[in-house]
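Below: one structure, written as structure tokens.
The values are calculated or read from the model by the stated rules, or taken from the named source; none is laboratory data. Note that this is a predicted model, so its numbers are computed, not measured. Backbone-built Cβ (ideal geometry, glycine too); neighbour counts: all protein chains shown. Just the protein is used for accessible areas: all its heavy atoms, side chains included, with ligands, DNA and RNA removed. Shrake-Rupley method; radii C 1.70, N 1.55, O 1.52, S 1.80 Å.
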Amino acid sequence: MINATILNAFSLLGLNDMTTKHRATLFSLAVLCYVVILLVNGSLIVLIILDEKLHEPMYIFLGNLCINSLYGTAAFYPKFLSDLLSNTHVISYTGCLLQVFVIYSYAATDFSVLTLMAYDRYVAICRPLEYHSVMTKHRAVLLVFFSRLVPLLCQTVVMTMTSTVELCGSHIEKLYCDNWSILKLSCSSITTNNIVGFIMIFFYFGHDLFIVCSYVQLVKSVLKSRECRRKFMQTCVPHLLCLLTISVALLFDLMYARYGSSSVSQSVKDFMGIQFLMIPPVLNPIIYGLQLTQVRNSLLSLCKVSKQVRGLG
């Protein structure tokens with residue numbers, strides 16, 4: 001028996017022999033993906049900060065979504081890139097728990113922020129006369145604060161429980177640490193951990209139910225007015241695409257981690273395990289950047305100013 005309190009490190013077995021044969025290609029693709037994530041999310045964050053026209057609740061929530069993408073992916077890509085360049089794929093016990101904490105608090109925060117964005121769209125379209133009194137900048141900042149605080153507290157509870165589990169092994173069959181992979185190494189019953197884990201899963205996927213209910217009301221309003229239809233297509237469609245992307249990617253990872261077949265190749269398992277760290281952080285800012293007229297116009301204006309400054313230089 002290996003007590004968790006004296007366990008020093010875990011071995012990550014996701015990078016198998018077949019994967020390491022193509023490590024140069026995988027390293028290039030991973031670097032490209034991470035650079036794109038940093039670029040598109042960073043650009044949108046800077047744009048929202050610099051342009052006062054974007055200092056509105058919807059764009060504040062969007063900026064927080066981009067910040068969260070940078071936060072979550074920072075826990076995966078640097079370590080993954082380092083492993084691709086190394087023959088040993090080891091992570092410290094503390095580093096493993098920290099990676100789990102950051103990655104899954106990132107996923108939970110994404111659901112929280114998307115829920116806030118759905119509420120914002122509901123008030124804007126269904127109660128337009130009350131919008132500016134309900135969704136003030138101060139209230140938007142407060143909602144953003146709680147959208148980050150609650151996931152951090154929830155994940156703190158989960159990780160505190162995980163850190164007390166006695167382990168009988170140190171091999172994790174993934175590219176990164178996740179809570180279920182650690183719990184599978186337990187020497188004793190993990191029933192309580194499973195119950196708490198499922199409560200967290202249902203709590204955050206319950207956010208989807210709230211969003212669906214808000215969109216039922218939105219669709220009813222859309223049918224009444226051409227202006228509402230325009231707002232819906234411009235702001236709600238990208239929101240739904242972002243929600244669908246993160247929901248499917250994360251649900252696939254969670255369910256496969258617990259119930260997936262052992263006959264599936266390690267490469268397929270690896271892809272399914274990291275897609276929520278690849279697809280949503282890239283697509284979300286691109287979808288919003290292309291769809292939201294105000295963001296697109298602000299970006300074009302900023303590009304024109306940059307050209308003029310270079311021309312004067």
Need one value: the accessible area of Lys184 in square angstrom, 1.4 angstrom probe, rounded to the nearest 10.
120 Å²
Long-range amide H partners of Val90 with built H, under 5 Å:
Leu12
Take the alpha carbon gyration tensor of region 12-129, find the square roots of its eigenvalues, order them as a ≥ b ≥ c, and report rounded if a/c is under 1.5; if not, report prolate when a/b exceeds b/c, else oblate.
prolate
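Over all alpha-carbon pairs in region 76-138, figure out the percentage whose distance exceeds 20 Å. Write out the running numbers ahead of the final one.
On the way: 1054 of 1953 pairs.
Of the Cα pairs, 54 percent sit more than 20 Å apart.
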Projected label distance in nm at Cys168 and Asn87, using a 7 Å step from Cα toward the beta-carbon:
3.3 nm
Compute the Rg to Rh ratio over region 33-76 from the alpha carbon atoms, using the Kirkwood formula for Rh, and round to two decimal places.
1.01
Suppose we keep just the alpha-carbon trace of region 155-213; what are its Rg and Dmax in angstrom?
13.7, 45
Per residue of region 207-216, what does 6.51 cos²θ - 1.76 cosθ + 1.60 with θ = phi - 60° give for ³J(HN,Hα)? Whole Hz please, x for Gly and Pro, Karplus curve as stated.
4, 4, 4, 4, 5, 4, 4, 5, 6, 4
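How large is the Rg to Rh ratio of region 87-218 when both quantities use alpha carbon positions and Rh follows Kirkwood?
Numbers: Rg = 18.8 Å, Rh = 16.9 Å.
Across region 87-218, the Cα-based Rg/Rh ratio is 1.11.
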